[in-house]
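The values are calculated or read from the model by the stated rules, or taken from the named source; none is laboratory data. For clarity, every value in this text was computed on a predicted model and none was experimentally measured. Using ideal geometry, Cβ is built from the backbone for each residue, glycine included, and neighbour counts are taken over all protein chains shown. Side chains included, ligands, DNA and RNA excluded: accessible areas come from the protein's heavy atoms. Shrake-Rupley method; radii C 1.70, N 1.55, O 1.52, S 1.80 Å.
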Amino acid sequence: MKAIVYTEYGAPDVLHMQEVVTPTPKENEILVRVHAAPVNFGDLLARDFASVSPGEFNMPALLWLPSRLIFGWNKPRKLILGSEFSGEVEAIGSAVTRCKPGDAVYGYTGQAMGAYAEYLCIAEDKAIARKPANMTHAEAATVPYGAIMARNLLAKANIQPGQKVLINGASGSIGAAAVQLARHAGAEVTGVCSTRRLEYVEALGADTVIDYKVEEFTANGETYDLIFDVLGRSSFGKCAGSLKPGGIYLLASFKSNALWQMLRTSLGGDKKVICALASEQPGDLDFVRELIEAGQYKAIVDKCFPLDEAAAAHRYVEDGLKQGAVVIGVAPNGRE
Ligand SMILES: NC(=O)c1ccc[n+]([C@@H]2O[C@H](COP(=O)([O-])OP(=O)(O)OC[C@H]3O[C@@H](n4cnc5c(N)ncnc54)[C@H](OP(=O)(O)O)[C@@H]3O)[C@@H](O)[C@H]2O)c1
């Protein structure tokens, strides 16, 4: 099969198309013919992880070492990137009961990666589900990672209808999902992003959008029940005044000092800091598919590149050009 392979860390040009052996499903695995796989944060990080110092790493420096070992010290260990996909079941292992060849599916492979290829194998008890019927493969492929992370992180804050929620980093994969899931929970949602992505975040359904290039959300006098900072670019010190009594400051990316703040605020005080790591839960993708099919959750694709232009797709994202998701169409109809 054809796959986008990288054997050394570096700039987008390390990605190249190569013939590799098509995987064979084990008895509990599903062989998926991939139609589309987006470029997400994890792909960019894994591709050039050697250039990320412990200080630049967006998690506590202590986690940098195990991450570097998982990604590969001198060269990458997983040679095919791509952690989310949409496609069609090609074959199933003898013990698989949840799907059959020909079914349209979407899913998330996490650190196993492997979606920048014509075929991938995934165990049936992992994050794979029937694809939303009203989305193209390109659209559906952009949903799993952001939706799984946002759903499981927002669960820590237990949003109630009518609450005011601010999402900082609303134009990214997790932020875009968080805007939509918080709206679905009945919250009034403010999305914070840069100027070029204001329309995108508005189109996702945010009630209010704030351009952080022209306005500091902590200085406008508004208060929120939840401030969810995906990239951890703000701080609890700055945001505390923008939280209502009992408010929560939730972080998807955090350093050690935020962990101390979480400990301190858990021991007393009205406003809480929560730093959390998300992992997929059974039913995440079925839940989101139902929202999508009910017209309550959307995916907005900016641009679709063919498989042999994966490097150009990475460059487009790294150059800050995307206004929505960027997808690699693996099968010829991956764009459909
Ligand atoms: N806790 C967990 O379990 C978990 C799991 C997965 C990922 N993560 C973390 O989540 C982060 C990646 O999130 P993602 O996948 O959504 O990333 P992404 O798709 O790359 O999006 C990041 C967004 O952040 C925005 N941004 C950049 N600078 C900003 C600033 N100063 N203020 C506000 N927004 C800014 C960018 O858009 P604009 O240009 O519009 O601002 C971009 O759209 C990483 O830090 C990763 O470590 C955490």
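Observations, loosely collected:
- Scoring Trp73 on the criteria (1) touching a residue at least 12 places away in the same chain (Cβ under 8 Å); (2) in a loop (DSSP other than H, G, I, E, B) leaves a single failure, condition (1).
- Residue list for segment 93-109, restricted to those being within 14 Å of Asp286 (Cβ to Cβ) and in contact with a Phe, Trp or Tyr (Cβ under 8 Å, 6 or more places away or on another chain): Tyr106, Gly107, Tyr108
- Of all the numbered requirements in (1) part of a strand (DSSP E or B); (2) open to solvent by 30 Å² or more (accessible area, probe 1.4 Å), Leu250 misses one, and that requirement is (2).
- Flag if Asp319 is closer than 28 Å to Pro54 by Cβ, open to solvent by 70 Å² or more (accessible area, probe 1.4 Å) and of a type outside the set (A, V, I, L, M): yes
- Cβ pairs under 6 Å, 6+ apart, first in segment 301-313 and farther than 19 Å from Val143 by Cα, second part of a helix (DSSP H, G or I): Ala311/Pro12; Ala311/Asp13
- Segment 54-70, residues that are in a helix (DSSP H, G or I) and open to solvent by less than 60 Å² (accessible area, probe 1.4 Å): Ala61, Trp64, Pro66, Ser67, Arg68
- If the condition is being free of Cβ contacts under 8 Å to residues at least 60 places away in the same chain and either touching a helix residue (DSSP H, G or I) at 6+ places or on another chain (Cβ under 9 Å) or crowded, with 17+ Cβ neighbours inside 10 Å (or both), then segment 258-281 contributes Ala258, Gln261, Met262, Thr265, Lys271, Lys272, Val273, Cys275, Leu277.
- Residue count, segment 283-299 (criterion: assigned to a loop (DSSP other than H, G, I, E, B) and surrounded by 15 or more Cβ atoms within 10 Å (Cβ to Cβ)): 3
- A single entry from Asn134, Asn152, Asn168 fulfils the requirement of being more than 16 Å from the ligand (Cβ to nearest atom), modelled with pLDDT of 95 or more and among the polar types (S, T, N, Q): Asn134.
- Identity of the residue in segment 174-214, open to solvent by 30 Å² or more (accessible area, probe 1.4 Å), touching a strand residue (DSSP E or B) at 6+ places or on another chain (Cβ under 7 Å) and farther than 20 Å from Met149 by Cβ, that ends up nearest to the ligand (Cβ to nearest atom): Tyr212
- Meets criteria (within 15 Å of the ligand (Cβ to nearest atom), surrounded by fewer than 23 Cβ atoms within 10 Å (Cβ to Cβ), closer than 21 Å to Ile300 by Cα and of a type in the set (Gly, Ala, Ser)) for Ala219: no
- Close pairs (6 angstrom Cβ cut-off, 6 or more residues apart or separate chains): of a type in the set (D, E, K, R) in segment 139-155, buried (at least 24 other Cβ atoms within 10 Å of the Cβ) anywhere: Glu139/Ala299; Arg151/Leu181
- Residue pairs whose Cβ atoms lie under 9 Å apart, separated by 6 or more positions or on different chains, with the first residue in segment 176-197 and farther than 10 Å from Ile159 by Cβ and of a type in the set (D, E, K, R) and the second open to solvent by 10 Å² or more (accessible area, probe 1.4 Å) and modelled with pLDDT under 95, are Arg196/Gly320; Arg196/Leu321; Arg196/Gln323; Arg197/Lys322; Arg197/Gln323.
- Among residues of segment 39-53, those that are part of a loop (DSSP other than H, G, I, E, B), surrounded by fewer than 19 Cβ atoms within 10 Å (Cβ to Cβ) and within 12 Å of the ligand (Cβ to nearest atom), counted: 1
- Top-ranked residue of segment 227-245 - restricted to ones that are within 15 Å of the ligand (Cβ to nearest atom) and surrounded by 20 or more Cβ atoms within 10 Å (Cβ to Cβ), ranked as nearest to the chain's Cα centre (by Cα): Val230
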